[in-house]
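Peer 1: The following block contains the structure, expressed as structure tokens.
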Amino acid sequence: MSKSSTTFSELEDGWSYRMRLRIRQLVTIEPDEMRALFWSFAYFFALLCSYYIIRPMRDEMGIAGGIDKLQWMFSGTFLVMLAAVPLFGWVAKRFPVPRYIGITTSHGRSHTELMQIMRTEDLDFVQFTYNIGNRVVEDTLLPLAADRGMATLINRPFQRGALFRKVKGKALPEWAKEFDCQSWGQFFLKFVVSHPAVTCVIPATSKVHHMTDNMAVNFGKLPSPSMRKRMLQYFTSLKKATKQDFSQSSRIVWFCRSCLESNCPL
Ligand SMILES: NC(=O)c1ccc[n+]([C@@H]2O[C@H](COP(=O)([O-])OP(=O)(O)OC[C@H]3O[C@@H](n4cnc5c(N)ncnc54)[C@H](OP(=O)(O)O)[C@@H]3O)[C@@H](O)[C@H]2O)c1
């Protein structure tokens, strides 16, 4: 049975089961996350103990032993660390963690330098900006990453929200349903992830309902290459809402009595 298929109800009765239930009352955690929670707690506990308990105790002991002998205490600490650091390195090497090396940029900056590094270094991933309104990387970074077998992480998929301002008040086209798209957020994200050289997209949000909306992109169909062209054509044909549009719509809401009497004080 795999770890992830274990459920709480399947766990043996006993102290460990009761402890898990107690922990679950404090934090939202899945059974297969318990091990990681325990180890991270142990690491932080040991780290904070050394900073806030062992170090002050050592300093106090050093001062109690006489200030003129302090150099021996620090020399002793130095010698212990000299032995402990290689030992730590040896232990850390016995437990290797998956590690990926990559570089990032955004806003279309430093593409020439980025490409130079991608050509010469053996990177696992690269991160840069790509979205339906800013597609310069389609001819440069994306094909190079594919050639070099590098994973791509895409930032600013909504051009920091500017794309939403462009489509404000505009209906999502009916044909978006053909690739399981329910919102403008999903439209923009599906455009990015359907590019064959894109591995992952990292949209930002401060709102849970936007995150739920964005997460839905992980399911359902992705647009085909011909659909991507259609999406692009539709998006570029949209006229950005102008100041005048906004002021006209706001007038409808904010007309006050003085305005109606042509005596507007503003
Ligand atoms: N490596 C680098 O150099 C670098 C540089 C820049 C950014 N980044 C990373 O890239 C990611 C994205 O960057 P970003 O914040 O600049 O831009 P972004 O993801 O393109 O846009 C974020 C904006 O979109 C809005 N939004 C998100 N989901 C939405 C939805 N479903 N419906 C409507 N509005 C929605 C957010 O508003 P709400 O908050 O209201 O949802 C926010 O204003 C971040 O994780 C960031 O750390 C990396």
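Just so you know, all these numbers are worked out from the coordinates, no wet-lab data involved. Here the structure is a predicted model, which is why all the values come from computation and not from measurement. Positions of Cβ are generated from backbone atoms using ideal geometry, with glycine treated the same way; all protein chains shown enter the neighbour counts.
Peer 1: Please go through the stretch 92-135 and write out the trypsin sites (Lys or Arg not before Pro) that DSSP classes as loop and that have at most 12 other C-beta atoms within 10 Å.
Peer 2: Values: sites: Lys93, Arg94, Arg99, Arg109, Arg119, Arg135; in loops: Arg99, Arg109, Arg135.
When the trypsin sites (Lys or Arg not before Pro) of the stretch 92-135 are filtered for loop state and at most 12 Cβ neighbours within 10 Å, Arg99, Arg109 remain.
Peer 1: Continuing with the same structure: Amide H to amide H under 5 Å from Gln127: which residues, 5+ apart in sequence or cross-chain, H placed 1.01 Å off N in plane?
Peer 2: So Gln127 has HN proximity to Ile103, Thr104, Thr105, Leu153.
Peer 1: Follow-up question, since we're still on this one. Can you bin the stretch 102-237 into rounded, prolate or oblate? Criterion: square roots of the alpha carbon gyration tensor eigenvalues sorted a ≥ b ≥ c, rounded for a/c under 1.5, prolate for a/b above b/c, oblate for the rest. Show your work: numbers first, answer last.
Peer 2: Numbers: a/c = 1.88, a/b = 1.74, b/c = 1.08.
Prolate shape, in that a/c is at least 1.5 and a/b is the bigger ratio.
Peer 1: In addition: Which of the peptides 33-41, 181-189 is most tightly packed, and how do the rest follow, judged by the mean count of other Cβ atoms within 10 Å per residue? Could the numbers behind the result be given before it?
Peer 2: Values: 33-41: 11.9, 181-189: 20.9.
Peptide ranking by packing, descending: 181-189, 33-41.
Peer 1: OK, next. Taking the Cα centroid of the stretch 141-187 and of the stretch 65-139, what is the distance between the two, rounded to the nearest whole Å?
Peer 2: Centre-to-centre distance over Cα atoms comes out at 31 Å.
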